Amino acid sequence: MSDFKLYYAKTLNPQKACAVAKHLGSPVEFVRVELGKGEHKTPDFTALNPNQKVPVLDIGGRTIWESNAIMCFLARFAGSDLWPQDERQVEVMRWLHWDVLHFLPTTGEYYFQYIVKPMFGLGEPDKAALEKAGAGFQRYGAVLNDHLRGRRYLAGDTLTIADFAVAVTLPHAKVAHIPVVEFPEIERWHDRLNELPAWREPFPAMKAAA
């Protein structure tokens, strides 16, 4: 029996939490939440996370929500260097905040317009929103590209949860039309992440219907 329950849906924030859990071999039971059926708005789920969002990690009656916090917990629980205990921890925090404030709002807009909207029948892509996202991506993509030059990962030569966070939209770049091909250092870095089985397949396999 698993010690923890990780509630997820096949969306971006659960993607990184699930990838870290699989990469670490964390003792979690994956529990899928069907957003299209409104399962995240039920009283039972709201008791787990009043924000009514996934992912949520239940650690025996105590819950942790927010994907970055879940990644930190799982890495610390495993004693993993994904959440470093030296000066790199500050560097990891820097990139987690940078992603939330700058990079993800640009790449996430592409993801929303080209993937989420068709999934939920929300209409055609908003050209004005994509134009704004494109300008932001050029700016912050250049920052990331320059930082990665000469580095294997964001915090140096070792993989951390910052890599799982900042790169979360990149597996969807082709479908979401994110112009990552303009930044070769980002592509090189993501190619390295793609060597990880948990990055390529972050979500648990669906059970076949009986």
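By what distance, in whole Å, do the Cα atoms of segment 136-210 stretch along each of the three principal axes, largest value first?
Here the Cα extents, ordered largest to smallest, are 51, 29, 16 Å.
In Å and from the alpha-carbon atoms only, list the Rg and Dmax of segment 88-197.
Computed over the Cα atoms of segment 88-197, radius of gyration and Dmax are 14.1, 43 Å.
For the chain, what is the mean residue ellipticity at 222 nm derived from helices alone (per DSSP H run of n ≥ 4: -39500 (n - 2.57); sum divided by total residues; nearest 500 deg cm²/dmol)?
On the way: 11 runs with 100 residues, N = 210.
Rounded to the nearest 500, the figure is -13500 deg cm²/dmol.
Collect residues whose amide H, placed 1.01 Å from N in the peptide plane, falls under 5 Å from the amide H of Tyr153; neighbours closer than 5 in sequence don't count.
Placed amide hydrogens put Thr158 under 5 Å from Tyr153.
Could you derive backbone 3J(HN,Hα) for segment 161-172 from the dihedral phi with the Karplus parameters 6.51, -1.76 and 1.60 (θ = phi - 60°), listing whole Hz in sequence and x where the residue is Gly or Pro?
For segment 161-172, the Karplus curve yields 5, 4, 5, 4, 6, 5, 8, 4, 8, 5, x, 9 Hz.
Sort Lys53, Lys37 so the one with the fewest other Cβ atoms within 10 Å of its own Cβ comes first.
Working: Lys53 19, Lys37 9.
Fewest to most other Cβ atoms nearby, the residues stand as Lys37, Lys53.
Using only the Cα atoms of the chain, what do you get for the radius of gyration and for Dmax, in Å?
For the chain, the Cα radius of gyration and maximum Cα-Cα distance read 17.2, 51 Å.
Evaluate segment 1-102: find the radius of gyration of its Cα atoms, find its Kirkwood radius, and give the ratio Rg to Rh.
Values: Rg = 13.9 Å, Rh = 14.2 Å.
Rg/Rh: 0.98.
If I stretch the segment between Gln85 and Glu34 completely, what's the gain in nm (0.36 nm per residue apart, minus their alpha carbon distance), one decimal? Let's see the in-between values first.
Values: separation 51, 0.36 × 51 = 18.36 nm, distance 3.61 nm.
Here the segment from Gln85 to Glu34 would lengthen by 14.7 nm.
Using modelled amide H (1.01 Å from N, peptide plane; none on Pro or chain starts), what sits under 5 Å from the amide H of Phe30, excluding residues fewer than 5 places away?
Residues meeting the amide H criterion: Leu6.
Looking only at the chain, where both bridge partners belong to it, what percent of the DSSP beta bridges are antiparallel (to the nearest 5)?
Numbers: 7 of 12 bridges.
So the antiparallel bridges amount to about 60 percent of the total.
Taking the alpha-carbon centroid of each part, what is the distance from segment 140-173 to segment 26-50 in angstrom?
Going from one Cα centre to the other spans 30 Å.
Within 10 Å of each residue's Cβ, count the other Cβ atoms and sort Asp3, Asp157, Asp58, Asp126 from fewest upward. Could the numbers behind the result be given before it?
Numbers: Asp3 12, Asp157 7, Asp58 19, Asp126 15.
Final ranking by Cβ density, sparse to dense: Asp157, Asp3, Asp126, Asp58.
List, in order, the whole-Hz ³J(HN,Hα) value for each residue of segment 74-82 obtained from phi through the Karplus relation with A = 6.51, B = -1.76, C = 1.60 and θ = phi - 60°; use x for Gly and Pro.
Couplings: 4, 5, 5, 4, 7, x, 8, 6, 4 Hz.
Of the options Ala129, Trp98, Trp189, report the single residue whose Cα projects farthest towards the positive end of the charge dipole of segment 88-197 (beta-carbon charges: Lys, Arg +1; Asp, Glu -1).
Towards the positive end, the residue furthest out is Trp98.
Note down the magnitude of the dipole of the chain about its Cα centre, charges +1 on Lys and Arg C-beta and -1 on Asp and Glu C-beta and zero elsewhere, to the nearest 20 debye. Intermediate values should be presented prior to the final figure.
Details: 24 positive and 25 negative charges, 66 e Å.
Charge dipole of the chain: 320 debye, to the nearest 20.
What do you get for Rg/Rh over segment 48-106 if you use C-alpha atoms and the Kirkwood form of Rh?
Numbers: Rg = 13.0 Å, Rh = 12.8 Å.
Value, to two decimals: 1.02.
Which of the lysines could a cross-linker span from Lys5 if the Cα-Cα distance has to be under 19 Å and same-chain partners fewer than 8 positions apart are dropped?
Lys16, Lys22, Lys41, Lys53, Lys207
Across segment 9-16, in residue order, what do the Karplus-derived ³J(HN,Hα) couplings come to in whole Hz, using 6.51 cos²θ - 1.76 cosθ + 1.60 with θ = phi - 60° and x for Gly and Pro?
9, 7, 10, 5, 5, x, 4, 6
Given a Förster radius of 22 Å and the C-beta distance between Arg188 and His97 as r, what FRET efficiency does 1/(1 + (r/R0)^6) yield to the nearest 0.05? All intermediate terms of the calculation are to be shown ahead of the outcome.
Working: r = 24 Å, r/R0 = 1.08.
Between Arg188 and His97 the formula returns 0.40.
Since every read-out is calculated from the coordinates, none of them should be taken as a lab result. Keep in mind it's a predicted model, so treat the numbers as computed, not measured. Note that we place each Cβ from the backbone using ideal geometry, even for glycine, and neighbour counts take in every protein chain shown.
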